[in-house]
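Scroll down for the structure; my scribbles are underneath it.
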Amino acid sequence: MTATLHSEFIGQAVKDPLAPAVYSEAGVLSYGELEARSRLLAERLVADGAGPGVPVGICVERTPDLLVAVLAALRAGSCYLPLDPAYPAERLSFMVRDSGTRLLLTTPASRANCPAGPTVVLLDGTVTTEPGEKPVPVVPGDTAYIIYTSGSTGRPKGVAIHHSGCVAMLSAMDRIFDGCDLSGVSAASSVCFDMSVMEIFGALCRGGAVVLVESAVHLPESRYADRITHLNVVPSVMNGLLDASCLPPNVRTVVFGGEPLRRKLVDRAYRETGAERVFNAYGPTEGTVFCSFKLVARDGTGEPSIGTPSAGVRAYVLDENLRKLPAGASGELCIGGAGLAHGYVNRPRTTAERFVPDPFMDGERMYRTGDVVSFTDDGELRFGGRSDHQVKLRGYRIELEEVEARLTGCPGVREAAATVTGRRLVGYVVPEGGARSGVRLDGALQAAITGKLATELPDYMVPATIVFLDALPLAPGGKLDRAALPEPPAADTGRPLRAAGTPTEVALSEIWGQLLDLEPASIDVRSAFYDLGGDSLLLIRLARLMTRRFGRRVRVPDLFSFRDISSLGRWLDDESGATPEVVTSARRRAGARRAALRGRGGSTGS
């Protein structure tokens, strides 16, 4: 059998079909069950036209159906295109059109969120046992998946990754994680991000189990958190989990990625968890998940590097003329090797700009990452920042130019800029024809702008705050001076403050003030947690603090339902513990969905 991203999963299923493959809220799915369901679905896809070079869209919520769909697309010989059902319809439609996707897998729960156009194949629990059409075998050069990343032109761009690069990545993982316990690998990353490839296939191709959760924020709520031995996590998320004292109890390996890692956090990970090894991983999507790794020692003192290039990766630190720089000198990191992507889908000019001929290897290409790095004397890479305006926020890759292009396209906006301040994405807008009013906030204008952006961009790319200016600050050369963008002013809702009035509201104001660094008396009980500077990471700590304070279990999903102190207070004061109908109805539907999944053959062992 030709080595592909998924071929070793099939081997594992044949070898040990009863072994657990997926733990989720729906229960446990064995290797044999996952293999059979994905095989039958693959045969159906082939009958519908799937095969090499044919992308299959995957628009499925985070249930075992998601893994069935991904494996089925690969086993049909196609590549898969992940489509998050929570993404705006316009963005999903663009990805489908741009990639040429004609087949789309979805479920009844996500069907309404799917873009129009492709032929829809519904995963509704009914599978045929009739012999189907066999897929055409794939070859190493075939595309395995297409992942869309933020684009500096204002549109996302698709990165096409081939099977041979994935196989090289899995082989490198074998060497790096030799001796690590992969029996329970957390899968909290969206399939729209390539960390998910390492989470899913690093487990399923090596006999481990995937512990599927909605997101890292939901890790404390997972009924199978104690099964997690191997945790892939963004540093800022890890800080939130540690602050809330809710790391899975049996973690033995922690792999950081997506953001710069600091020694202080490594020390916390060793000290406050059962981790025996902590790694720092680095790599752009264009290089197939990662291209360097560092095992960060427990007793080290300096800031962690991003490690040495992985086996099969060519890494150069080059100047502006693409000449090699000596150790200690900072330059652009350029990478080549087996994991290098084909290029960008339908972007020949951008592909030619970023995937250039390798001047040190005849006939080969290398990718200009835009990351500024230097080599240490012992051959490790030290990260120094970006040479452009790409940023990472809670692990998400964001091109500020894409955010700015969308801001500028909003009605009434003359000019726009964006930057990251602390843990927030902030937009700066110069309105058309506005009177000069200085630096200010405007709730009504912000709501209009962010409302439009929400129809075009994923949540993580919509600025949390919009600051209105008379003019953007410019450098002497006439270009935007990002460093001179002002700090966002304090929020003013324009309505009289309604302070806490009940004992429960007073207690909640104290907790919110502690987390948000605000005076409790200054918090309006009608203001949402996010509006005051909160984020999903702080929700973990908020849930834990509320549970302790009120002696009643508070879960992160509850905090998504009750967004301000007023509604939280009413809920907590309800002695019956009842929740609004909208919440109980949602929970009822979720319970029915889990029951249906259990009924499709998955074991429900704990």
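Worth a mention:
- Residues (more than 18 Å from P108 (Cα to Cα) and not acidic (D, E)) located in region 45-71: V46, A47, G49, A50, G51, P52, G53, V54, P55, L71
- Filter result for L104 (assigned to a helix (DSSP H, G or I) and under 30 Å from S150 (Cβ atoms)): no
- Condition met for E432 (at pLDDT 90 or above and either surrounded by 22 or more Cβ atoms within 10 Å (Cβ to Cβ) or of a type outside the set (S, T, N, Q) (or both)): no
- Residue match in region 336-348 (condition: assigned to a loop (DSSP other than H, G, I, E, B), closer than 22 Å to S164 by Cβ, β-branched (V, I, T) and touching a helix residue (DSSP H, G or I) at 6+ places or on another chain (Cβ under 9 Å)): yes
- Positions within region 152-177 being assigned to a loop (DSSP other than H, G, I, E, B) and either of a type in the set (D, E) or farther than 30 Å from E402 by Cα (or both), in sequence order: F177
Condition check ((1) more than 23 Å from S189 (Cα to Cα); (2) buried (at least 17 other Cβ atoms within 10 Å of the Cβ); (3) in contact with a Phe, Trp or Tyr (Cβ under 9 Å, 6 or more places away or on another chain)) across all residues:
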position	(1), (2), (3)
F293	no, yes, yes
R298	yes, no, yes
A311	yes, no, no
Y316	yes, yes, yes
N321	yes, no, no
G337	yes, yes, no
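- Which numbered condition R262 fails, given (1) over 17 Å from T376 (Cβ atoms); (2) surrounded by fewer than 23 Cβ atoms within 10 Å (Cβ to Cβ); (3) modelled with pLDDT of 95 or more; (4) not hydrophobic (A, V, I, L, M, F, W, C): (3)
- Filter result for V255 (free of Cβ contacts under 8 Å to residues at least 60 places away in the same chain and closer than 27 Å to G312 by Cα): yes
- Pairs are defined by a Cβ separation below 7 Å, a sequence spacing of at least 6 or placement on different chains, a first member in region 145-161 that is more than 14 Å from S78 (Cα to Cα), and a second member that is assigned to a strand (DSSP E or B) and of a type in the set (S, T, N, Q); the pairs so defined are P156/T149; K157/T149; V159/T149.
- A416 being in contact (Cβ under 8 Å) with a residue 12 or more places away in the chain, in contact with a Ser or Thr (Cβ under 6 Å, 6 or more places away or on another chain) and either buried (at least 20 other Cβ atoms within 10 Å of the Cβ) or closer than 21 Å to S527 by Cα (or both): yes
- Matching residues, region 43-64, being part of a loop (DSSP other than H, G, I, E, B) and touching an Asp or Glu at 6+ places or on another chain (Cβ under 7 Å): P52, R62
- The set of residues in region 419-457 that are free of Cβ contacts under 8 Å to residues at least 40 places away in the same chain and of a type in the set (V, I, T) comprises V420, T450.
- Leading residue by the ranking (farthest from R206 (Cα to Cα)) among those in region 28-47 that are in contact with a Pro (Cβ under 7 Å, 6 or more places away or on another chain) and of a type in the set (A, V, I, L, M, F, W, C): V46
- Total residues in region 391-419, condition within 20 Å of A484 (Cβ to Cβ) and in a strand (DSSP E or B): 8
- Subset of region 235-255 that is touching a strand residue (DSSP E or B) at 6+ places or on another chain (Cβ under 9 Å) and assigned to a helix (DSSP H, G or I) - its residue that is surrounded by the fewest Cβ atoms within 10 Å (Cβ to Cβ): S236
- Residues in region 164-187 that are under 27 Å from V139 (Cβ atoms) and not hydroxyl-bearing (S, T, Y): G165, C166, V167, A168, M169, L170, A172, M173, D174, R175, I176.
- Cβ-Cβ under 8 Å pairs, at least 6 apart or on other chains, region 219-234 side in a strand (DSSP E or B), far side charged (D, E, K, R): H230/D181; H230/R252; N232/E199
- Criterion: of a type in the set (G, A, S) and assigned to a loop (DSSP other than H, G, I, E, B) - qualifying residue of G451, G477: G477
- Some residue of region 300-315 being touching a helix residue (DSSP H, G or I) at 6+ places or on another chain (Cβ under 6 Å), under 20 Å from P260 (Cβ atoms), among the hydroxyl-bearing types (S, T, Y) and not in a strand (DSSP E or B): yes
- If you go through region 361-375 and keep only what is exposed (fewer than 14 other Cβ atoms within 10 Å of the Cβ) and either outside any loop (DSSP other than H, G, I, E, B) or touching a Gly at 6+ places or on another chain (Cβ under 9 Å) (or both), you end up with M361, E364.
The values are calculated or read from the model by the stated rules, or taken from the named source; none is laboratory data. All of these numbers come straight from a predicted model, not from anything done at the bench. Using ideal geometry, Cβ is built from the backbone for each residue, glycine included, and neighbour counts are taken over all protein chains shown.
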